[in-house]
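Engineer: Got a structure for you, written out below as structure tokens; questions coming shortly.
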């Protein structure tokens, strides 16, 4: 812990942005993973071994804003690419959460080709009695 869920449309894959290029997608996710993990480690003072990212890709039919599917918006419409991140972690100070939001927002905006204003980060704080790993409650560790 911390665990981050990243819900978004397609990553920007480089010059040709070919969505069928699985190597380009893997490379883009690898780069973003390294950058995001480094941001979490820095902001939350944790070890990289504790950070897990879940990329939850969405299709254009899986996301709507203002009552319109992304598929129905023009390619240059800024509402088309919104990014939602949930940070599941033990409670952190406002300064630590702020530092993470400041670090993650431009990373995500850049990697997904979105405006920073379209990046939403929600902090889901957990207490030790709300988390279990390997069948053992964190409060019992």
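Engineer: Quick check: pseudo-label points 7 Å beyond the Cα along Cα→Cβ at residue 68 and residue 110, how many nm apart are they?
Structural biologist: 3.0 nm
Engineer: Under the 0.36 nm per residue contour assumption, what length would be gained going from the current alpha-carbon distance of residue 137 and residue 94 to full extension? Let's see the in-between values first.
Structural biologist: Values: separation 43, 0.36 × 43 = 15.48 nm, distance 2.56 nm.
The span from residue 137 to residue 94 would gain 12.9 nm if fully extended.
Engineer: Restricting to the range 3-140, compute how many DSSP beta bridges are antiparallel as a %, nearest 5. Before the final figure, lay out the partial values.
Structural biologist: On the way: 9 of 23 bridges.
The antiparallel proportion sits near 40 percent.
Read-outs: derived from the displayed coordinates by stated rules, not from any lab. These figures come from a predicted structure and were not determined experimentally. In this analysis, Cβ positions are derived from the backbone assuming ideal geometry, glycine residues included, and neighbour counts consider all displayed protein chains.
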